[in-house]
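Peer 1: Structure below; questions to follow.
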Amino acid sequence: MKLILAIVSNDDSSAVSSALTKANYQITRLATTGGFLRAGNTTMIVGCEDDQVEKAIELIGQESKRRTEVVPSTASYDIGRYASFPVEVQVGGATIFVMDVEQFIKL
Ligand code: 2BA
């Protein structure tokens, strides 16, 4: 048995957990915070059989692809005026750890 820890952006967490649940994976979602950006992200804990790991990674990847989005940003000028302009930011992506499970116990 394996334990998958998948860290995904909050924007993708709903789609990722729906896809995994629909495919009969049992998951736990944790609200986590990235150490570098200090922004919220979501960590999914998935316990599954060895032969189910690949499919889980595929589903997570499908729902959390790294992509570029254009978001509005503002710049201020000394004369007290603000201008809005679009900037491209990278969003999404997943960081995944797969670990061996020594024991799986439900009491
Ligand atoms: P990613 O590498 O895609 O990482 C996204 C989030 O995944 C991280 O959020 C962290 O919560 C988790 N994560 C990634 N690698 C990990 C690991 N080896 N162990 C445990 N958790 C891990 P943040 O820490 O807020 O990082 C956000 C993004 O900032 C990273 O995206 C990376 O592109 C960049 N970054 C992180 N640390 C950096 C550093 N020391 N220098 C430059 N850029 C960094």
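The values are calculated or read from the model by the stated rules, or taken from the named source; none is laboratory data. Fair warning: this is a prediction, and the values are worked out from it, not measured in the lab. Backbone-built Cβ (ideal geometry, glycine too); neighbour counts: all protein chains shown. We work out accessible area using only protein heavy atoms, side chains counted, and drop any ligands, DNA or RNA first. Shrake-Rupley method; radii C 1.70, N 1.55, O 1.52, S 1.80 Å.
Peer 1: Which of the residues that make up the range 89-107 are at negative phi, surrounded by 10 or more Cβ atoms within 10 Å (Cβ to Cβ) and at pLDDT below 95?
Peer 2: V89, V91
Peer 1: Take the conditions without any contact (Cβ under 8 Å) to a residue 24 or more places away in the chain and either farther than 24 Å from L37 by Cβ or surrounded by fewer than 14 Cβ atoms within 10 Å (Cβ to Cβ) (or both) and apply them to R81. Does it pass?
Peer 2: Judged against the criteria, R81 is a match.
Peer 1: Right, next: Working only within the range 2-57, note down all residues that are away from the ligand (no atom under 16 Å from the Cβ), open to solvent by 60 Å² or more (accessible area, probe 1.4 Å) and closer than 17 Å to M99 by Cα.
Peer 2: The answer is Q26, T28, E49, D50, D51, Q52, E54, K55.
Peer 1: For the range 58-71, which positions are touching a helix residue (DSSP H, G or I) at 6+ places or on another chain (Cβ under 8 Å) and away from the ligand (no atom under 14 Å from the Cβ)?
Peer 2: L59, Q62, E63 - these are the residues of the range 58-71 that are touching a helix residue (DSSP H, G or I) at 6+ places or on another chain (Cβ under 8 Å) and away from the ligand (no atom under 14 Å from the Cβ).
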